[in-house]
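Structure first, then comments.
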There are 4 protein chains.
Amino acid sequence: MGPGTGASETDCANAYELGKLIAQEGWVLLTGGKNVGVMDAANTGAKAANGLTVGILPTADASGISNAIDIPIFTDMGNARNNINVLSSEVVIACGMGAGTASEVALAIKANKPVVLLTDHPEGQRFFSSLSTTAVLLAETPVAAIEIVKNFLKSQF
Amino acid sequence: MGPGTGASETDCANAYELGKLIAQEGWVLLTGGKNVGVMDAANTGAKAANGLTVGILPTADASGISNAIDIPIFTDMGNARNNINVLSSEVVIACGMGAGTASEVALAIKANKPVVLLTDHPEGQRFFSSLSTTAVLLAETPVAAIEIVKNFLKSQF
Amino acid sequence: MGPGTGASETDCANAYELGKLIAQEGWVLLTGGKNVGVMDAANTGAKAANGLTVGILPTADASGISNAIDIPIFTDMGNARNNINVLSSEVVIACGMGAGTASEVALAIKANKPVVLLTDHPEGQRFFSSLSTTAVLLAETPVAAIEIVKNFLKSQF
Amino acid sequence: MGPGTGASETDCANAYELGKLIAQEGWVLLTGGKNVGVMDAANTGAKAANGLTVGILPTADASGISNAIDIPIFTDMGNARNNINVLSSEVVIACGMGAGTASEVALAIKANKPVVLLTDHPEGQRFFSSLSTTAVLLAETPVAAIEIVKNFLKSQF
């Protein structure tokens, strides 16, 4: 999860790397599916490593969809689809920060999903850490984020 | 699309066959994802032919999910998720008939999606044909339903 | 519930009368809230009798809203909002018939809500009566529809 | 908007006062509609001043609904209904803070709705102020929150 049009270059580079690493782990990448920002970069990275990509689109049809989506789900629900993104993910990685991303992190905490924040947004780190001392984990690089996810998944079995 | 707990044996046998044929065509099967009725049978058929299966669940988690779902999408939206099922499908095949299935056929007509009715429910055939003379097509067997879909997809290119 | 742009003159006249009668009973009118067809006519009728009107809009904002809505609820969910219409109604009256209306009647049956059909659509009457022998009732006039609702509400207490 | 079971006594006292003041202004109160925390307190306050209350429930029926709701809207959408809460409000007042409330504040900023934070949660104040320098306003008392809303509404005309 991460910003669309408001994503920084660093966010997009991190997202591309995350998508690639997720695919290399054999995991399925799920994003908001649009052809902008973190969503587009993560899907492009995943496809570069032959991953499988699922996009939960806010729209009723393929307008504005990332070219790197294998399985598009058209919700026609705008930002209410953010809750579906979160519920359908085993772990949420927030790459960058913005209002939409913040809603997803908050909904993930509400749904007891583990969240990894890969962002240089200190107010966001402090705020979400204050909402949950257990579910929110901080990562400084894509590789570190993936390590956190691997440790979490290991702890589930 | 088709009934859950209210599905007949014929509906389930047809759904299994449909799932298998869909997989053999290399198409992705999308259903409501539950472990009952037409949904479960179609997914089981698709996995028997090594297909890829997507389930759009009404629930927030995996309770009641079919074992034959590869990609679960948890909506926590109950029957409002029927609109997502329809919007995310290129063609809708209704196998059997019931209130939930009827809502999906109606939403599909509303969204201008082609619908194939594989059902021995004459009132349903007459009603939906009266709502749209172009979008609703009738099939008597799974093989015939798949032929209709192939012809439709061919006409798109 | 009833058609928007596709509503007939009879549907709209019935809807206006229904809205008026609902208001005169002191009930709250809930519709899809748009400024077309049955929705607009019912709300206009209710306001003519000083009723309270709730509109569950498919949009994110007031574009296309009926002028006769007191309480607008903006869902930004397109036709997925039809399930909210039905769940939030004690009784559903379908005035006229079309694909959207059909989805609402089907979702109402699915949710065990009583449905009154005020429509001269014989295929629709036969189809929905075949889906539920108990929940679907037929009315020939707005006054008759209101009588059915009153009898139902009386039976609840 | 505000916490349910996690609400503090101060949050609930503020919410009761807010509900009362909103009703005294002749405004309609819209909340998440449950019989706990800030939602319940705000609705009780509004009814004490003869206000009109709308509840956007996460459930399919009246289980868990506040007794002080006049117009219940049953979404059966869980926390995805938070987006409807926000879109249907002209101004969002967040009373207290928690994961659900945070998702509503974030969705409100995303939807360009003005947000008043009435909370002693400094991390939340800093975070949301960092997301939007224009839409997020801070209030220390219910009366101050209402003043901010009045000024905003005046500026709209």
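The values are calculated or read from the model by the stated rules, or taken from the named source; none is laboratory data. All figures in this text were calculated on a predicted structure; none of them were measured in a lab. Cβ: placed from backbone, ideal geometry, glycine included. Neighbour counts: every protein chain shown.
Listed values, structure above:
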quantity: Top-ranked residue of region C:53-63 - restricted to ones that are more than 8 Å from chain D (Cβ to nearest Cβ) and either assigned to a strand (DSSP E or B) or in contact with a Leu (Cβ under 8 Å, 6 or more places away or on another chain) (or both), ranked as farthest from C:Tyr16 (Cα to Cα); calculated: C:Leu57
quantity: Check on B:Ala60, of a type in the set (A, V, I, L, M) and in contact with an Asp or Glu (Cβ under 9 Å, 6 or more places away or on another chain); calculated: yes
quantity: Region B:12-26: number of residues that are touching a residue at least 60 places away in the same chain (Cβ under 8 Å) and either of a type in the set (A, V, I, L, M) or within 15 Å of B:Val91 (Cβ to Cβ) (or both); calculated: 5
quantity: Positions within region D:108-124 being within 16 Å of D:Pro3 (Cβ to Cβ) and either at the interface with chain A (Cβ under 7 Å from one of its Cβ atoms) or not aliphatic (A, V, I, L, M) (or both), in sequence order; calculated: D:Thr119, D:Asp120, D:His121, D:Glu123, D:Gly124
quantity: Matching residues, region C:101-120, being surrounded by fewer than 21 Cβ atoms within 10 Å (Cβ to Cβ) and under 18 Å from C:Ala42 (Cβ atoms); calculated: C:Lys113, C:Asp120
quantity: Flag if D:Ala99 is facing chain A (nearest Cβ under 8 Å), among the small types (Gly, Ala, Ser) and within 17 Å of A:Pro3 (Cβ to Cβ); calculated: no
quantity: Single unsatisfied condition, D:Thr10 versus (1) of a type outside the set (Asp, Glu); (2) outside any loop (DSSP other than H, G, I, E, B); (3) crowded, with 20+ Cβ neighbours inside 10 Å; calculated: (3)
quantity: Members of region C:95-142 found to be more than 14 Å from B:Glu123 (Cα to Cα) and touching an Asp or Glu at 6+ places or on another chain (Cβ under 7 Å), listed by number; calculated: C:Cys95, C:Gly96, C:Pro142
quantity: Selected residue (criterion: nearest to D:Asn112 (Cα to Cα)) from residues of region D:56-76 that are of a type in the set (A, V, I, L, M) and surrounded by fewer than 24 Cβ atoms within 10 Å (Cβ to Cβ); calculated: D:Ile71
quantity: Any hit, region D:5-24, residues being closer than 27 Å to C:Val86 by Cα and at pLDDT 95 or above; calculated: no
quantity: Only one of D:Asn43, D:Asn83, D:Asn79 that is surrounded by 22 or more Cβ atoms within 10 Å (Cβ to Cβ), at the interface with another protein chain (Cβ under 7 Å from one of its Cβ atoms) and in contact with a Ser or Thr (Cβ under 7 Å, 6 or more places away or on another chain); calculated: D:Asn79
quantity: Residue in region D:139-152 that is touching a Pro at 6+ places or on another chain (Cβ under 7 Å) and of a type outside the set (A, V, I, L, M) present; calculated: yes
quantity: Of residues in region C:132-154 being more than 20 Å from C:Val28 (Cβ to Cβ) and modelled with pLDDT under 95, the one nearest to the chain's Cα centre (by Cα); calculated: C:Ala135
quantity: Per-region count, region D:46-55, residues buried (at least 24 other Cβ atoms within 10 Å of the Cβ) and either touching a Gly at 6+ places or on another chain (Cβ under 6 Å) or of a type in the set (Lys, Arg) (or both); calculated: 2
quantity: Boolean, B:Glu90 is surrounded by fewer than 20 Cβ atoms within 10 Å (Cβ to Cβ), under 21 Å from B:Ser8 (Cα atoms) and more than 8 Å from chain C (Cβ to nearest Cβ); calculated: no
quantity: Hey, D:Ser130 among the hydroxyl-bearing types (Ser, Thr, Tyr), touching a Ser or Thr at 6+ places or on another chain (Cβ under 6 Å) and either within 12 Å of chain A (Cβ to nearest Cβ) or surrounded by fewer than 22 Cβ atoms within 10 Å (Cβ to Cβ) (or both) or not; calculated: no
quantity: Yes/no for C:Asp120 being of a type outside the set (A, V, I, L, M) and part of a loop (DSSP other than H, G, I, E, B); calculated: yes
quantity: Hits in region B:31-46 - residues which are in a helix (DSSP H, G or I) and at positive phi; calculated: B:Gly37
quantity: Selection count where residues are surrounded by fewer than 22 Cβ atoms within 10 Å (Cβ to Cβ) and either in a strand (DSSP E or B) or in contact with an Asp or Glu (Cβ under 6 Å, 6 or more places away or on another chain) (or both), scope region A:15-30; calculated: 1
quantity: Residue that is nearest to the other protein chains (Cβ to nearest Cβ), among those in region A:64-76 that are touching a residue at least 24 places away in the same chain (Cβ under 8 Å) and of a type outside the set (S, T, N, Q); calculated: A:Ile73
quantity: Close pairs from region A:140-157: first outside any helix (DSSP H, G or I), partner surrounded by 14 or more Cβ atoms within 10 Å (Cβ to Cβ), Cβ under 8 Å, at least 6 apart; calculated: A:Glu140/A:Leu118; A:Thr141/A:Asn14; A:Thr141/A:Leu118
quantity: Failed item in (1) part of a loop (DSSP other than H, G, I, E, B); (2) free of Cβ contacts under 8 Å to residues at least 40 places away in the same chain; (3) not aromatic (Phe, Trp, Tyr), with B:Met97 passing the rest; calculated: (2)
quantity: Among (1) farther than 13 Å from C:Met1 by Cα; (2) of a type in the set (A, V, I, L, M, F, W, C); (3) touching a residue at least 60 places away in the same chain (Cβ under 8 Å) - the single one C:Ala48 does not satisfy; calculated: (3)
